[in-house]
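Scroll down for the structure; my scribbles are underneath it.
The values are calculated or read from the model by the stated rules, or taken from the named source; none is laboratory data. Note that the structure is a prediction, hence the values are computed from the model and not measured. Cβ sites come from the backbone with ideal geometry, for glycine too, and all protein chains shown count toward neighbours. Heavy atoms of the whole protein, side chains included, go into the accessibility calculation; ligands, DNA and RNA do not. Shrake-Rupley method; radii C 1.70, N 1.55, O 1.52, S 1.80 Å.
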Amino acid sequence: MLIKPAVVLPDVLRRAIDAYRANDPITVAESFDLDARIVTEFDPLLAAQLGMEELAGPVHASSAVGILKFYAYELSAFDVKDLEVVSSIQSGRNVTAICNWKMRLRDTGKDVFGTCRNTWILDSSGRRLAGARSVCGILTPSWPYDLH
């Protein structure tokens, strides 16, 4: 029998994740410090589903305004239908987690399932996020798709 422990997250991170689940970019951005920086990488299949095939590398956003713009743009492309934090571990100010999610693309109504590996950095007070890095991929690509 496998016993799965409850995922424990700092309050600021729990609020940010709950806001993301609720498709609320303003509250997500408010979780970050004014001079925070985030980096997000999308695998090519996910980028294609989101209409961002031209992405050649990670997406960077910095400052409260830049992070708000990033989440507002991202959440304008899809509705988050489910997000589960599968596992997490905290070491000092770093919190690393694996999240599985389901989104519905706004332009097609198609559901897409995926996973992200995230690392968040808490500020020195532990009440704000000073930075984040996410690597996101798709679990259920649409067929047919081209792997080349």
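Numbers at a glance
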{"read-out": "Cβ-Cβ under 6 Å pairs, at least 6 apart or on other chains, the stretch 80-96 side more than 13 Å from Asp18 (Cβ to Cβ), far side among the small types (Gly, Ala, Ser) and surrounded by 11 or more Cβ atoms within 10 Å (Cβ to Cβ)", "value": "Ser88/Ala97"}
{"read-out": "Qualifying positions in the stretch 31-48 - free of Cβ contacts under 8 Å to residues at least 24 places away in the same chain and either open to solvent by 20 Å² or more (accessible area, probe 1.4 Å) or within 13 Å of the chain's Cα centre (by Cα) (or both)", "value": "Pro44"}
{"read-out": "Qualifying residues in the stretch 120-134 (those that are open to solvent by 50 Å² or more (accessible area, probe 1.4 Å) and of a type outside the set (Gly, Ala, Ser)) - the one nearest to Ser91 (Cα to Cα)", "value": "Ile121"}
{"read-out": "Qualifying residue in the stretch 86-98 (condition: open to solvent by less than 30 Å² (accessible area, probe 1.4 Å), over 17 Å from Thr27 (Cβ atoms), modelled with pLDDT of 90 or more and not hydroxyl-bearing (Ser, Thr, Tyr))", "value": "yes"}
{"read-out": "Restricting the stretch 10-22 to residues that are touching a residue at least 40 places away in the same chain (Cβ under 8 Å) and crowded, with 17+ Cβ neighbours inside 10 Å, the residue that is farthest from Arg128 (Cα to Cα)", "value": "Tyr20"}
{"read-out": "Some residue of the stretch 24-36 being of a type outside the set (A, V, I, L, M), in a helix (DSSP H, G or I) and in contact with a Leu (Cβ under 6 Å, 6 or more places away or on another chain)", "value": "yes"}
{"read-out": "Strands (runs of 3 or more DSSP E) lying entirely in the stretch 37-148 (those with 1 or more residues that are among the β-branched types (Val, Ile, Thr) and within 20 Å of Asp11 (Cα to Cα))", "value": "78-91, 94-105, 111-122"}
{"read-out": "Filter result for the condition that a residue is basic (Lys, Arg), under 14 Å from the mean Cα position of the chain (by Cα) and surrounded by fewer than 16 Cβ atoms within 10 Å (Cβ to Cβ), over Lys102, Lys81", "value": "Lys81"}
{"read-out": "Inter-residue pairs, beta-carbon under 8 Å, first under 21 Å from Phe113 (Cβ atoms) and in the stretch 49-71, second hydroxyl-bearing (Ser, Thr, Tyr), 6+ apart", "value": "Gln49/Ser142; Val59/Thr40; Tyr71/Tyr20"}
{"read-out": "Residue in the stretch 51-61 that is β-branched (Val, Ile, Thr), modelled with pLDDT under 95 and either open to solvent by 60 Å² or more (accessible area, probe 1.4 Å) or more than 27 Å from Leu34 (Cα to Cα) (or both) present", "value": "no"}
